Amino acid sequence: MGTSEKKRSIPLALFGLAFAMFGGLFSVLIVREVAETAATYRWKRVPAEIQSLTVEFPRRAPSSRDRKIFELKADYEYKVDGKAFRGDHVEQKPVTHHSFEKLADRKWRMIRKEISHAFINPENPQEAILERKSLWLGLAILFPLPFVAIGLACLAGGLGFFSDSEKEKKPEYTNQAKHGNRNKRGFVALGVVFSAIGLGILYPLLIKPVLRIRAAKQWDVVPCKIVWSRVAIKRGEDSDTYYPDVFYEYEFENDTYHSNRYSFASGSSSGRTRKKKIVDQYPAGKQTQCHVDPGKPWRAVIQPGVEQLGFWWLI
């Protein structure tokens, strides 16, 4: 008779536990968000008259560590049982972003939809929103679940649940061709996964910026004035990264617009000194030029050149 034993690995078990907890935390956050969104689908829809939609911005340079400094605000009126109310929420939570353009895009989409209603909490008519998040958000749960599954598998393996075996003499003959085919399929599957991840990362870092750079060659060049500039900091687990944040205003076809897009480079990188040199070239009050999309004039950029993308994306 053979003897049965369990091979345990504490490091593997700890790794699996951490991986599962990481995925589980994200899963809980997503479920909570979906639950809050689902609750608004029971709210009552009432006619509303929108007075204004604005993207609010700081008049002076905010702290370098402040990220979501712009906010989309609304002002609208609605009635419930003949009583007038006033609302200012677009969604349940404040709609903020570090990119002025992103919120300006959303403002334009809301105006184009000609929203003429609001959703009110039947238990509290003073609580109202203009838009509800899509329940498709729930599909985001598909991202952390593999982390949970991998973590639990590593945890079980580290605790020895997969290592029960009878110590008996195994036949010497093995089908090498069969194992070779399995290995090939495994490597192909791994290659497909890593290629998909690489392309998914490369698109926003390089492909999309290059396409926008080509499009910007046809944009109009107009004078603009720097409102403020700063070296913004993006916090990381191991270290911080930086990017130049230059906020400016300009006129196009007798309307005033704002933007904080310096270039089409996506994300942030290490090296604060280089970003500081860029920011120092655009002090508050300086007159310069920016490139404006004539079809969507709330989209603009100061430096549309490809050299602004750098080469760190090659990693």
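The values are calculated or read from the model by the stated rules, or taken from the named source; none is laboratory data. All values reported here derive from a predicted model rather than from experimental measurement. Glycine gets a Cβ as well: all are built from the backbone with ideal geometry, and neighbour counts include every protein chain shown. Only protein heavy atoms, including side chains, enter the accessible area calculation; ligands, DNA and RNA are left aside. Shrake-Rupley method; radii C 1.70, N 1.55, O 1.52, S 1.80 Å.
Could you grab me the full set of residues in the range 225-244 that are touching a strand residue (DSSP E or B) at 6+ places or on another chain (Cβ under 9 Å), free of Cβ contacts under 8 Å to residues at least 60 places away in the same chain and not polar (S, T, N, Q)?
Result: ASP240, TYR242, TYR243, PRO244.
When the residues of the range 53-63 are narrowed to those that are out of contact with any His (no Cβ under 9 Å at 6 or more places or on another chain) and surrounded by 15 or more Cβ atoms within 10 Å (Cβ to Cβ), which ends up farthest from VAL227 (Cα to Cα)? Full working, then the answer.
Of the range 53-63, the ones out of contact with any His (no Cβ under 9 Å at 6 or more places or on another chain) are 53-54, 56, 58-63.
Now narrow it down to the ones that are surrounded by 15 or more Cβ atoms within 10 Å (Cβ to Cβ): 53, 61-62.
Working: LEU53: 21, ALA61: 8, PRO62: 12 Å.
For the range 53-63, the residue satisfying everything is LEU53.
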Among (1) open to solvent by 30 Å² or more (accessible area, probe 1.4 Å); (2) assigned to a loop (DSSP other than H, G, I, E, B), the one test that GLU91 misses: (1)
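For the subset of the range 272-284 comprising residues that are open to solvent by 40 Å² or more (accessible area, probe 1.4 Å) and in contact with a strand residue (DSSP E or B) (Cβ under 7 Å, 6 or more places away or on another chain), which member is farthest from TYR243 (Cα to Cα)?
Just the residues of the range 272-284 that are open to solvent by 40 Å² or more (accessible area, probe 1.4 Å), to begin with: 272-274, 276-277, 280-281, 283-284.
With in contact with a strand residue (DSSP E or B) (Cβ under 7 Å, 6 or more places away or on another chain) added as a condition, the list becomes 272, 276, 283-284.
Values: ARG272: 8, LYS276: 9, PRO283: 16, ALA284: 17 Å.
Checked the range 272-284; the qualifying residue farthest from TYR243 (Cα to Cα) is ALA284.
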Unmet criterion (only one of (1) exposed (fewer than 12 other Cβ atoms within 10 Å of the Cβ); (2) on the phi < 0 side of the Ramachandran plot; (3) out of contact with any Phe, Trp or Tyr (no Cβ under 6 Å at 6 or more places or on another chain)) for ARG45: (3)
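Pick from the range 232-271 the residues that are of a type in the set (S, T, N, Q) and open to solvent by 50 Å² or more (accessible area, probe 1.4 Å): which of them is farthest from the chain's Cα centre (by Cα)?
Taking the range 232-271 as the starting set, the residues that turn out to be of a type in the set (S, T, N, Q) are 239, 241, 254, 256, 259-260, 263, 266, 268-270.
Checking which are open to solvent by 50 Å² or more (accessible area, probe 1.4 Å) leaves us with 239, 254, 256, 270.
On the way: SER239: 19, ASN254: 33, THR256: 28, SER270: 20 Å.
Once the filter is applied, the top-ranked residue is ASN254.
Mind telling me which of the residues ILE50, ILE69 ends up being touching a strand residue (DSSP E or B) at 6+ places or on another chain (Cβ under 9 Å), surrounded by 17 or more Cβ atoms within 10 Å (Cβ to Cβ) and closer than 18 Å to PRO125 by Cα? Please lay out each step first, then the result.
Working: ILE69 fails: closer than 18 Å to PRO125 by Cα.
Residue meeting the stated conditions: ILE50.
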Qualifying residue in the range 280-289 (condition: in a helix (DSSP H, G or I) and modelled with pLDDT of 95 or more): yes
Every pair of residues 6+ apart whose Cβ atoms lie under 7 Å, when the first sits in the range 119-133 and is farther than 17 Å from LEU72 by Cα while the second is open to solvent by less than 60 Å² (accessible area, probe 1.4 Å) and among the small types (Gly, Ala, Ser): PHE119/ALA128; ILE120/ALA128
Some residue of the range 30-50 being part of a strand (DSSP E or B), modelled with pLDDT of 90 or more and closer than 30 Å to PHE247 by Cα: yes
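In the range 114-160, how many are under 30 Å from PHE19 (Cβ atoms), assigned to a loop (DSSP other than H, G, I, E, B) and not hydroxyl-bearing (Ser, Thr, Tyr)?
To start, the set of residues in the range 114-160 that are under 30 Å from PHE19 (Cβ atoms) comprises 133-160.
Okay, now just the ones that are also assigned to a loop (DSSP other than H, G, I, E, B), so 133-134, 143, 159-160.
In the following step, the residues that additionally are not hydroxyl-bearing (Ser, Thr, Tyr) were identified as 133, 143, 159-160.
Qualifying residue count, the range 114-160: 4.
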Residue under evaluation PHE26, criteria (1) open to solvent by 70 Å² or more (accessible area, probe 1.4 Å); (2) free of Cβ contacts under 8 Å to residues at least 40 places away in the same chain, criterion not met: (2)
Scan of the range 53-66 for residues that are polar (S, T, N, Q) and either in contact with a strand residue (DSSP E or B) (Cβ under 6 Å, 6 or more places away or on another chain) or assigned to a strand (DSSP E or B) (or both), ordered by number: THR54, SER64
Where a residue in the range 9-20 is open to solvent by 60 Å² or more (accessible area, probe 1.4 Å) and its partner, wherever it lies, is part of a helix (DSSP H, G or I) and of a type in the set (A, V, I, L, M, F, W, C), with Cβ under 7 Å and at least six apart: LEU12/CYS154; PHE15/CYS154; LEU17/LEU155
